[in-house]
Amino acid sequence: MILLLVAVNAAAQTGQGSLRGYVKDEQGGAVPGATITATSAALIQPATAVTDSEGYYRLINLPPGTYSIAAELTGFASYKREEILLRAGATFQVDVTMKIGTLQETVTVSGDSPMLEVSKPSNVLNISGEFQRDMPIQARRNWSDFLEITPGVHSRPFDDGSGRMVYFGHSTEHFAHVIQLEGAIASNYQDAQVTYVAMGADMIDDVQVKTGGVDASAPMGVGLNINVITKSGGNQFKGSAAFAYQSKDMNGDNVKNCSPSPGCNPSASPGVGTPTTALVKQFDGGLGGPIKRDRVWFFGSLRRADLESGISRTAEEVGRLKTFFRDVALFNNTTKSWQPYGKVTAKLTPSHELAAFVQQDRLLATGDREYHYSRAVMYSTGGGLYGGKLTSVWGQKITTTLLAAYNNKGGSNASTYEGFPGAGPTITIHNAANLQV
């Protein structure tokens, strides 16, 4: 898929936010000509605007982050407001009252009322990447775990015992959602359900979920509209790394079961079943920093997932398999994938910013059930997303975004079955089978 988009006020789709408001004096009169400057660790360069004849200003195309704004004009004391948390796609109004004085004097405002979205009637929930990484939901840290606590969304486990979830919103099917990465469609073109989009938790900066009132800037969809905004790096090198490990001994079990392993072979042990244990070996790492300070930043991350999910078999089901196949070797379902991500952001001019990004999430998994005596179900999902976007500011009221993206994510293909021992449907007749029902 290739997408070209030119839009006016397209910040909601690409994840950029804005700050706007009126600058007035202590008597309530408009203050034209004041310089408004926004600074943040999320900005390559400070964003500036000048108030018009009505004292109005607007700072647009701002990435999610924590901001400080300053207002300056000769004859007035400098004004500064700190700790403004701007979320992906949000528009906050920050009005300024300037006092008579000199520029050397500064009026600092902190602890003011929280910001409220003022531009759109959408039902929007923003979840920061930091919050997602800290959620103690499961060791695998799936990026979509936050949907478990999203109002209006309900879920059920994926039917392969992997621990992944299937999500529903607006009473629609689980494949009816729109999933975006930096404004580009990131979902699988065969099946757009959330669980088929994989990414490392370290790459996420903020996620915007629209559950209702979706505006025209978003792609058409009848379910949830999810836009993931990724990290961009910064003027300082920062990185993180984590390894999640969960062995079979870390899984609770209140019946006589054991997970297939050299130390416990249900096929050789009478009266033993296999539980839905989760075995996790997963690495996450990320690094960002400057290529050229105040001009070009980079960020990259990698997830390597090697997961096993026990197939739930009762002792009776294991007994039936042993009746048909005396030497049956039971097994777990597996999921293996490499999930790299890279992004470069460059400030071409104070009004134009260019970003290029690459995401890969191809995975190979098995989905066998309790009645399978050998590997029978293998599948693949995901692929590559390659994109770039040019965001521009034209004055205080117009912003444009040119977005181009190529998405080749799909399902199983010939490479999925390379090395698979199966040779097609077979029929085996067992003369000595003796089943007791």
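The values are calculated or read from the model by the stated rules, or taken from the named source; none is laboratory data. Keep in mind it's a predicted model, so treat the numbers as computed, not measured. Backbone-built Cβ (ideal geometry, glycine too); neighbour counts: all protein chains shown.
Tabulated values for the structure
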| quantity | calculated |
| --- | --- |
| Strands (runs of 3 or more DSSP E) wholly inside region 322-419 that include at least 3 residues being of a type in the set (D, E, K, R) | 333-349 |
| Top-ranked residue of region 281-328 - restricted to ones that are closer than 19 Å to M203 by Cβ and of a type in the set (V, I, T), ranked as surrounded by the most Cβ atoms within 10 Å (Cβ to Cβ) | V296 |
| Those residues of region 234-251 which are surrounded by fewer than 13 Cβ atoms within 10 Å (Cβ to Cβ) and part of a loop (DSSP other than H, G, I, E, B), in sequence order | Q236, F237 |
| Those residues of region 302-344 which are basic (K, R), farther than 23 Å from N251 by Cβ and modelled with pLDDT of 90 or more, in sequence order | K343 |
| Hits in region 48-91 - residues which are acidic (D, E) and either closer than 24 Å to T400 by Cα or over 33 Å from the mean Cα position of the chain (by Cα) (or both) | D52, E54, E72 |
| Selection from region 126-149 of residues that are charged (D, E, K, R) and modelled with pLDDT under 75 | R140, R141 |
| Qualifying residues in region 1-34 (those that are part of a strand (DSSP E or B) and either acidic (D, E) or at pLDDT below 50 (or both)) - the one farthest from Q180 (Cα to Cα) | D25 |
| Pairs with Cβ under 7 Å, 6+ apart, first in region 179-198 and assigned by TED's automatic domain parsing to the domain that holds L390 and within 11 Å of I226 (Cα to Cα), second in a loop (DSSP other than H, G, I, E, B) and small (G, A, S) | I179/A186; I179/S187; I179/A192; Q180/A186; E182/G15; G183/G15 |
